[in-house]
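One structure is given here, and the rest of the page talks about it.
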Amino acid sequence: MSTVQLPKLITILLLVLFVFLASWRRTFQYRHWVSFAVGLTAILLGLVPIDRVLKYVNLDVIGLLIGMSIMTVYMEECGLAEVVARALIKKVKGIRTLFFSLTMVSGIISIALENVTVVLMMAPIAIAIARRIDIDPRAFVIGIALASNMAGSATMIGDPPAIITAGYFGLSFGDFILYQGRISMFFYTLVSMFLACISLSLWVRVPKTRLRELSDEVPHVDKVFLFETLAMLSTKIVLLCLRESLGIPLTLAACVGVGGLTILRILHRDFASVREAFIKGFEWRTAMFLIGVFILSGAFAEQGLAHDLALAIYNLSCSPFVMTSLLVWLSVFVSAFLDNVPYVATMLPVVQDLGARSGIDPVVLAWAMLLGATLGGNLTYIGASANVVAVRILEREGVKVTFGDFIKLSAIFNSVSVVSGWIVFELVWNFI
């Protein structure tokens, strides 16, 4: 076996080992150590050059995760989740409608905000609702994560893969809505999300509980603490929406919100809330897990495996329909197990090359790849950072989520979203 083939084989074996150990029941609770160990092994074996590790490890996402995790604890402490939960329960008549509303709201918010941020904001609300009506919170929190992942590529500001794609091809904000006179990513993802949220809300088992009977209790909250939390949270959201024009990283936006609220709590001598937020909210396990995932994704890119798979598409394609379909479904498969940020970054030059070879607009091929990468990451919790965060939040609340538990919910959501998104895309570009 040549030296060219050996690193690729080792990378594939590491990927298989990682997926197995991260999903096996006996090692599931240690998956952050498994991920970190596999990532370190990839570096030691030279699969990812040491000077390129930081290219793949997205420290900005990890910083955002830690900052927003701390903010989430503050949101719990001030009673914000309880207030929103009570308001939703009072307005919505049925649990299925409530579930659909939560997932759709999460997806719509993700059009403008980073997915992890949306999960960290909405998960405490979902958990508070589930506890109030005495049902399993897993479906609510995982549903929020799945919906938030879908809407990230609806615009060029909602998700890193979309931002990377827009920058590579010099696309404008409007290109994600209409491109060459045809509907674009915004409509593909919106239609898919709507149908997937409906399907999941019908799939989930819920008790026959009358919500209005549970909405009479008035939660006891510190109104000053609640106001300060909302003010700092709003500041963070504004900074995230304007981050491109201001040129600020995601981490800075999160730190401004957390830092401001922490200072205010200290001025009020509320040291207990500050201590609770930083002890409970510092998500070092999730950070370790994501570092390993990023490094392994980097090895996949460095060894040319994504490039080889994409070139195989050209050899297998006999028409634009076949080429775009293969790009969609390849991206779905790869993104189910690897983070889609380095995958998209690696595939963009290949997509451009395929466009030159086939005479197809490479941006259209990029839409197919981006659509599959966005929707495919929902199949497993290791395919998207927001899913990892959702599982970690549930575990922090004492609710265990196995690989199989996640698949039971994500399979129906992912199947409906991928198939519907693929059909809409092909109808727009190859059959109309």
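How far, in degrees from 0 to 90, does helix 271-281 lean away from the longest principal axis of the Cα atoms of the chain, to the nearest 10?
30 degrees
Would you mind finding the longest exposed-site-free stretch of the chain, with exposed trypsin sites (Lys or Arg not before Pro) meaning DSSP loop and at most 15 other Cβ atoms within 10 Å?
Excluding the exposed sites themselves, the longest stretch runs over 270-399.
Residue-wise, which Karplus ³J(HN,Hα) couplings in Hz belong to the stretch 182-188, taking 6.51 cos²θ - 1.76 cosθ + 1.60, θ = phi - 60°, and x for glycine or proline?
10, 4, 10, 4, 4, 6, 4
Under 20 Å between alpha carbons: how many lysine pairs meet that in the chain, if sequence neighbours fewer than 8 apart on the same chain are excluded?
Close lysine pairs found across the chain: 7.
Gaussian network model of the chain, Cα springs within a sub-10 Å range: biggest mean-square fluctuation belongs to which of Ala272, Ala139, Ala366?
Checking each option, the largest mean-square fluctuation is seen for Ala272.
Just to be sure I understand: if I project the alpha-carbon convex hull of the chain onto a plane and average over all orientations, what area do I get in nm²? Display every interim value, and only then the final one.
Details: hull surface 85.7 nm².
The Cα convex hull of the chain, projected and averaged over all directions, gives 21.4 nm².
Please find, in a Gaussian network model of the chain (springs between Cα atoms separated by less than 10 Å), the residue of Asp51, Asp60, Asp405 whose mean-square fluctuation is greatest.
Asp51
For Tyr179, what residues show an amide H to amide H distance below 5 Å, using hydrogens built from the backbone and excluding near sequence neighbours?
So Tyr179 has HN proximity to Ser184.
Residue by residue through the stretch 144-156, which ³J(HN,Hα) values in whole Hz follow from phi under the Karplus form 6.51 cos²θ - 1.76 cosθ + 1.60 (θ = phi - 60°), with glycine and proline marked x?
The phi angles translate into 4, 5, 4, 5, 5, 5, 5, 7, x, 9, 5, 10, 7 Hz.
Build a GNM of the chain with springs between Cα atoms under 10 Å: which of Glu77, Glu302, Glu276 gets the top mean-square fluctuation?
Greatest mean-square fluctuation among the candidates belongs to Glu276.
So what is the relative contact order of the stretch 5-431, in percent, for Cα pairs below 8 Å that sit 6 or more residues apart?
Once normalised by length, the contact order is 25 percent.
At 0.36 nm per residue, minus the direct Cα-Cα distance, what do Gln352 and Arg243 gain on full extension? Give it in nm, one decimal, please.
In short, 36.4 nm is gained.
Can you list the HN-Hα couplings for the stretch 307-313, worked out from phi with the Karplus curve (6.51, -1.76, 1.60; θ = phi - 60°), rounded to whole Hz and with x for Gly and Pro?
Karplus values, whole Hz, x for Gly and Pro: 5, 5, 5, 5, 5, 5, 4.
What list of whole percents do you get for P(r) of the stretch 67-184, with Cα-Cα distances grouped in 10 Å bins up to the one holding the largest distance?
P(r) for the stretch 67-184, in whole percents per bin: 14, 38, 27, 15, 5, 0.
No lab work stands behind these numbers, since they all come straight from the coordinates. None of these values were measured; they are calculated from a predicted model. Note that we place each Cβ from the backbone using ideal geometry, even for glycine, and neighbour counts take in every protein chain shown.
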